[in-house]
1. Are there any pairs, at least 6 apart or on different chains, whose C-beta atoms fall under 6 Å, with the first in segment 81-106 and without any contact (Cβ under 8 Å) to a residue 24 or more places away in the chain and under 17 Å from residue 24 (Cα atoms) and the second open to solvent by 20 Å² or more (accessible area, probe 1.4 Å) and charged (D, E, K, R), and if so, which?
2. For residue 72, state whether it is under 12 Å from residue 130 (Cα atoms) and either assigned to a helix (DSSP H, G or I) or touching a strand residue (DSSP E or B) at 6+ places or on another chain (Cβ under 6 Å) (or both).
3. If you take the residues of segment 80-117 that are farther than 16 Å from residue 135 by Cα and either among the small types (Gly, Ala, Ser) or at pLDDT below 95 (or both), which of them is least open to solvent (accessible area, probe 1.4 Å)?
4. So residue 68 fits all but one of (1) hydrophobic (A, V, I, L, M, F, W, C); (2) modelled with pLDDT of 85 or more; (3) surrounded by 14 or more Cβ atoms within 10 Å (Cβ to Cβ); what number is the exception?
5. Does any residue in segment 1-17 that is modelled with pLDDT of 80 or more come within less than 8 Å, Cβ to Cβ, of a residue that is polar (S, T, N, Q) and outside any loop (DSSP other than H, G, I, E, B) six or more places away or on a different chain, and which pairs are these?
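The values are calculated or read from the model by the stated rules, or taken from the named source; none is laboratory data. Being a predicted model, the structure only gives us computed values, none of them experimental. Here Cβ is always computed from backbone atoms with ideal geometry, including for glycine, and neighbour counts include all displayed protein chains. In case anyone asks, the SASA skips ligands and DNA or RNA and just uses the protein heavy atoms, side chains included. Shrake-Rupley method; radii C 1.70, N 1.55, O 1.52, S 1.80 Å.
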Amino acid sequence: MSAIRPELSMKNKYWIDRHRYYELKHFCLQYKQWKKAYSSLNDLGLSMPGLTGLPTSNVPSDITADYAIRKVEIGNKIKMIESTAMETDSELWYYIVKAVTEGLSYTQLKMLFDIPCSRDTYYDRYRKFFWLLNKRRA
């Protein structure tokens, strides 16, 4: 887990409250879990118990609708992160997604993926990503 960093200056064009930033950061760190859950929902398909048409309890329930709603909810969260990264920078979006969902620093991105930008450019886009995500999750 990374240490708490000093808050950005309120004069910075991408300033958001420190606690809101950490809320958004933890939202993004759930991305891998959502991808796994979304994939497992795809794998379930018609093998889900209860999709045979035979009642399993006296409680009325629409398992297919519940399944579809859950899949849409998870898919929307995944798309929100990916589309916000694309809006942030169409060339660096992949690196931004890796960073915000896996907690990678610029140095790690440079070593692992040879990110094609300077440290200053990257952190400007990183801050812009969270600023845009803050607007979307308002």
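1. Between residues of segment 81-106 that are without any contact (Cβ under 8 Å) to a residue 24 or more places away in the chain and under 17 Å from residue 24 (Cα atoms) and residues that are open to solvent by 20 Å² or more (accessible area, probe 1.4 Å) and charged (D, E, K, R), the close pairs are 104/98.
2. Details: under 12 Å from residue 130 (Cα atoms): no; either assigned to a helix (DSSP H, G or I) or touching a strand residue (DSSP E or B) at 6+ places or on another chain (Cβ under 6 Å) (or both): yes.
No: the conditions fail for residue 72.
3. To start, the set of residues in segment 80-117 that are farther than 16 Å from residue 135 by Cα comprises 89-117.
From what's left, either among the small types (Gly, Ala, Ser) or at pLDDT below 95 (or both): 90, 99, 103, 105.
Values: 90: 94, 99: 3, 103: 47, 105: 38 Å².
So, considering only residues that are farther than 16 Å from residue 135 by Cα and either among the small types (Gly, Ala, Ser) or at pLDDT below 95 (or both), the one least open to solvent (accessible area, probe 1.4 Å) is 99.
4. (3) is the only condition that residue 68 fails.
5. Going by the 8 Å Cβ cut-off, the qualifying pairs are 16/134.
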